[in-house]
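Visitor: Please find one structure pasted underneath; my questions will follow.
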Amino acid sequence: AERLPALATVPGGSTNVFARALGLPREWPEGTSMILEGLRLGRYRTIGLGRADDRYFTFCAGFGLDAAVIHRVEQARRRGRVSSPSLYLRAILSQYFFASDRRRPAIRLERPGEPVEGGLSTAIIQNTAPWTYVGDREVNPNPKASFDLDLDVLALRQLRVPSTTRTVTQFFSSRPDPTGRQVLRLHDVAEFTLVSSRPQAFQLDGDYLGEREKVRFTSVPAALRVIC
């Protein structure tokens, strides 16, 4: 990273998770001012990245439900809808109740030298925390995720209504620590592969990338220098 140009990330989207995780304000005018100040003062930071097969990502990836929700939101935006928390909420409810096979988990997680974790319905991968925001409220499936560590994973088994509701509620807690029989959490993992018996929606950094049956994830430490 020290041999490469530094990256300056100007907030310009509806959520700006990566920029905010670097300590930048949510809005672009304030973010630009802070970047200029960082350049003047030489404020740099080296961070790790995640990689899914041959593609890098900065803050998150999803395999299953959350990626399918992002696909629904992208379709709605192409029809002229404005991205908002309410649009995401409707997409989540529609996908969960009407388009998910909640009782037949198809995903397994494989790690070198570790037992296979099977019977998973969806997985969230984080390279930093939080995973996303609802306005100014952080959403934190993996609160210990960090740019300075390897990847964190939260996977859900059967998407039953009571357990899923409880887990999602824990994401919004002021001290999140999602637990339960339907929850699998892994912290600071360097390498793993998600394999599914049927195609699953797949996203990186909030961009829907189609359906996959297998994705290999690796952590890339100290990969990028950023202005913060």
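Visitor: Specify which residue in the list Ser146, Gly119, Ala129 is farthest towards the positive end of the charge dipole of segment 115-180, using unit charges on the beta carbon of Lys, Arg (+1) and Asp, Glu (-1), about the Cα centre.
Guide: Gly119
Visitor: Please give the per residue accessible area of the chain, computed with a probe of 1.4 Å over protein heavy atoms only, in Å².
Guide: Dividing the accessible area of the chain by its residue count gives 51 Å².
Visitor: Also, I was wondering about something else. Return one number: the angle in degrees, 0 to 90 and rounded to the nearest 10, between the long axis of the Cα atoms of helix 85-98 and the longest principal axis of the Cα atoms of the chain.
Guide: Between helix and principal axis, roughly 20 degrees.
Visitor: Here is a further query. Can you show me the helix-derived [θ] at 222 nm for the chain, built from DSSP H runs with n ≥ 4 at -39,500 (n - 2.57) apiece and divided by the number of residues, rounded to the nearest 500. Provide the component values of the computation, followed by the final result.
Guide: On the way: 5 runs with 58 residues, N = 228.
Rounded to the nearest 500, the figure is -8000 deg cm²/dmol.
Visitor: Stokes-Einstein at 20 °C, 1.002 mPa s, Kirkwood radius from Cα pairs: D for segment 1-47 in µm² s⁻¹? The partial results should precede the final answer.
Guide: Values: Rh = 11.1 Å.
Estimated via Stokes-Einstein, D reaches 193 µm²/s.
Visitor: Then there is this: Counting Lys and Arg as +1 and Asp and Glu as -1, each charge on the Cβ, what is the dipole of segment 100-170 about the Cα centre in debye, to the nearest 20?
Guide: Charge dipole of segment 100-170: 540 debye, to the nearest 20.
Visitor: Got a sec? Which residues in segment 151-170 would a label at Leu89 touch, if it sits 7 Å along Cα→Cβ and we count backbone N under 14 Å?
Guide: 169
Visitor: What residues qualify as long-range amide H neighbours of Thr122, i.e. H under 5 Å apart, gap of 5 or more or another chain, H built at 1.01 Å from N?
Guide: Leu156
Visitor: OK, next. What is the angle, in °, between the Cα long axis of helix 28-41 and the longest principal axis of the Cα atoms in the chain? Nearest 10 is fine, range 0 to 90.
Guide: Value to nearest ten degrees: 50.
Visitor: Quickly work out the Asp101-to-Arg55 label distance, labels modelled 7 Å from Cα along the C-beta direction, and quote it in nm with one decimal.
Guide: 2.3 nm
Visitor: Quick one: grab the alpha carbon gyration tensor of segment 76-155, order the square roots of its eigenvalues as a ≥ b ≥ c, and give me rounded if a/c is under 1.5, else prolate or oblate depending on whether a/b is larger than b/c.
Guide: Values: a/c = 2.87, a/b = 1.30, b/c = 2.20.
It is oblate, given that a/c is not under 1.5 and a/b is not larger than b/c.
Visitor: Just how many % of Cα pairs in segment 117-228 lie over 18 Å apart, if you round to the nearest whole percent? Please list the in-between numbers first.
Guide: Details: 3387 of 6216 pairs.
Beyond 18 Å sits 54 percent of the P(r) for segment 117-228.
Visitor: Please list, in order along segment 147-163, the HN-Hα scalar couplings obtained from phi with the Karplus expression 6.51 cos²θ - 1.76 cosθ + 1.60 (θ = phi - 60°), rounded to whole Hz, x for Gly and Pro.
Guide: After applying 6.51 cos²θ - 1.76 cosθ + 1.60, I find 4, 8, 10, 7, 7, 10, 10, 10, 10, 10, 7, 5, 8, 6, 4, x, 5 Hz.
Visitor: If each of Glu2 and Glu30 carries a label point 7 Å out from its Cα toward its Cβ, how far apart are those two points in nm?
Guide: About 3.4 nm separates the two model spin labels.
Visitor: Amide H of Asn142 versus every other amide H placed in the peptide plane: which residues, excluding those fewer than 5 positions away on the same chain, fall under 5 Å?
Guide: Result for Asn142 returns Trp131.
Visitor: Using a 1.4 Å probe on the protein heavy atoms, what percent of the accessible area of the chain belongs to carbon and sulfur? Working shown, then result.
Guide: Values: 5950 of 11730 Å².
On the chain, the fraction of accessible area on carbon and sulfur atoms equals 51 percent.
The values are calculated or read from the model by the stated rules, or taken from the named source; none is laboratory data. Note that this is a predicted model, so its numbers are computed, not measured. All Cβ positions, even for glycine, are placed from backbone atoms using ideal geometry, and neighbour counts span all protein chains on display. Remember, those area values only see protein heavy atoms, side chains included, never the ligands or the DNA or RNA. Shrake-Rupley method; radii C 1.70, N 1.55, O 1.52, S 1.80 Å.
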